[in-house]
Each structure stands twice: as structure tokens, then as C-alpha cells.
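Trainee: Got a structure for you, questions after.
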Amino acid sequence: MYTLPNLITIFRVLLIPVFVTVYFLDWRWAHEAGAFIFWLAAITDWFDGYLARRLKQSSAFGAFLDPVADKLIVAAALLMITHTYQTLWITIPAIILLSREVYVSSLREWMGQMGLSNNVKVSFVGKLKTTAQMLALIGLLSGMEYFLGFRIFWVSLGYILLYVATVLSLWSMWIYTVAAIPALTGKKTA
């Protein structure tokens, strides 16, 4: 349980209250600092998986906690941007993304209970969705339009990537659903 990859995942879970607290501080750079903490968590997500494979330290605990940590911090970030921007242009994609996460997690759990978890393992489209979603959230959380006096477009890019992530989210959900249809209809496949 106390392998380096698992400790990194636990660190990511512990970052969640720090991330939320820092983001809502009454401080000029609070949003940027919160976005940085979110970025750090996103990097640790890649890093713990890499180390688990590289060091051959994959574990049942890590396989359970890693996706939970991801979903917790992403859900927090989605709620935070809906609070910050207070517009349907952010709220609707956030609801779609959160709903998809609950749906796919439930589908994976159910398929796993049937011994068919390989049918709904993470797809390339799912990985693209995660990348677009993380970059969108970093941009939107930061709220940065200017940096060192130069106009930058993190927020605009964040909006665009949020919609890209939403489309990819629906697409990957469709892929997983189609893969699960035989089991859902009673035609069990291996």
C-alpha cells in the first residue's frame, strides 16, 4: 500500500482541500495559485501511473484510489469554475462532464462485477478528453488574461478546450456504452 506511486496518489487527494482553500482566499493571485495546485495534481496523476508501471508497483489500492483522486479534484474544479463564471456557457459543459464521469464510473464498476472490465477500459478518446479537460480547467481556474503586461488567452483557450473536452466526453461515453451493450442486453462476451 505504501509504494511511491500510491503515496503520490494520496498526496493528490490531500491537495484537494489545499487547492479549494487557496483558490477562494481573498488574495490577488489566489486563482492563479489554485490553478497551479490543480496543475501540480494533474502532473502527479501522470507521474504516479508512470512510476507504477516502471517500478512494477501496481496495486489494487492504487487502481482504486487513482481514478477516485482524479474524479474528486476534477469535480471540485468544475464546481469552482461554475461558481466563478456563473454562466450557462460554463455550467452546461460542467454538468455534462460531471454526469459523464458518474455514468462511466458506474458502467465500469458494473462491467467489472461481471468480469468484463476490459470491455470498458480507458480508450484513446478518453485520454484525449482528460487532457483537454485538464488544460481547460487550468486556463479557466487561472482567470489569466494578462501576464507580465502581455495579453494572453488562457481563459479563451480554457473555454474552447472545455467544449472540446465535452464533445470528447460524450464521444468516449458512447464508445464505452457500445462496448457494454452486449452485457447490458444479456449477451455476455469476453
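The values are calculated or read from the model by the stated rules, or taken from the named source; none is laboratory data. Values in this document were obtained by computation on a predicted structure and should not be read as measured data. Using ideal geometry, Cβ is built from the backbone for each residue, glycine included, and neighbour counts are taken over all protein chains shown.
Trainee: Go through Ile81, Ile90 for me and flag whichever is in contact with a Ser or Thr (Cβ under 8 Å, 6 or more places away or on another chain) and crowded, with 19+ Cβ neighbours inside 10 Å. Please lay out each step first, then the result.
Mentor: Details: Ile81 fails: in contact with a Ser or Thr (Cβ under 8 Å, 6 or more places away or on another chain).
Result of the check over Ile81, Ile90: Ile90.
Trainee: So which of Gly49, Gly34, Gly62 is among the small types (Gly, Ala, Ser), out of contact with any helix residue (DSSP H, G or I) (no Cβ under 6 Å at 6 or more places or on another chain) and in contact (Cβ under 8 Å) with a residue 40 or more places away in the chain? It would help to see each step written out before you state the result.
Mentor: Numbers: Gly34 fails: out of contact with any helix residue (DSSP H, G or I) (no Cβ under 6 Å at 6 or more places or on another chain); Gly62 fails: out of contact with any helix residue (DSSP H, G or I) (no Cβ under 6 Å at 6 or more places or on another chain).
When all the criteria are applied, what remains is Gly49.
Trainee: Residue under question is Thr91, and the condition is that it be of a type in the set (Ser, Thr, Tyr), farther than 19 Å from Thr131 by Cα and out of contact with any helix residue (DSSP H, G or I) (no Cβ under 9 Å at 6 or more places or on another chain); does it hold?
Mentor: Numbers: of a type in the set (Ser, Thr, Tyr): yes; farther than 19 Å from Thr131 by Cα: yes; out of contact with any helix residue (DSSP H, G or I) (no Cβ under 9 Å at 6 or more places or on another chain): no.
Taking the combined requirement at face value, the residue does not satisfy it.
So that you can scan it fast, the table gives a plain yes or no per residue for (1) part of a helix (DSSP H, G or I); (2) within 16 Å of Val164 (Cα to Cα); (3) modelled with pLDDT under 95:
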residue: Gln57; (1), (2), (3): no, no, yes
residue: Val68; (1), (2), (3): yes, no, yes
residue: Lys71; (1), (2), (3): yes, no, yes
residue: Thr91; (1), (2), (3): yes, yes, no
residue: Gly115; (1), (2), (3): no, no, yes
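Trainee: To continue, here is another question. Checking the condition under 19 Å from the mean Cα position of the chain (by Cα) and surrounded by 16 or more Cβ atoms within 10 Å (Cβ to Cβ), which residue from Ala69, Ala63 passes?
Mentor: Values: Ala63 fails: surrounded by 16 or more Cβ atoms within 10 Å (Cβ to Cβ).
Result: Ala69 is the single residue among Ala69, Ala63 that is under 19 Å from the mean Cα position of the chain (by Cα) and surrounded by 16 or more Cβ atoms within 10 Å (Cβ to Cβ).
Trainee: Condition first: more than 17 Å from Thr82 (Cβ to Cβ) and either modelled with pLDDT of 70 or more or among the hydrophobic types (A, V, I, L, M, F, W, C) (or both). Now tell me which residues in the range 147-164 satisfy that.
Mentor: Quick first cut of the range 147-164, residues more than 17 Å from Thr82 (Cβ to Cβ) only: 147-154, 156-157, 160, 164.
Residues satisfying the conditions are Phe147, Leu148, Phe150, Ile152, Phe153, Trp154, Ser156, Leu157, Ile160, Val164.
Trainee: I'm told His31 meets every condition in (1) under 15 Å from Met144 (Cβ atoms); (2) more than 19 Å from the chain's Cα centre (by Cα) except one. Can you identify the failing condition by its number?
Mentor: Among (1) under 15 Å from Met144 (Cβ atoms); (2) more than 19 Å from the chain's Cα centre (by Cα), the lone unmet condition for His31 is (2).
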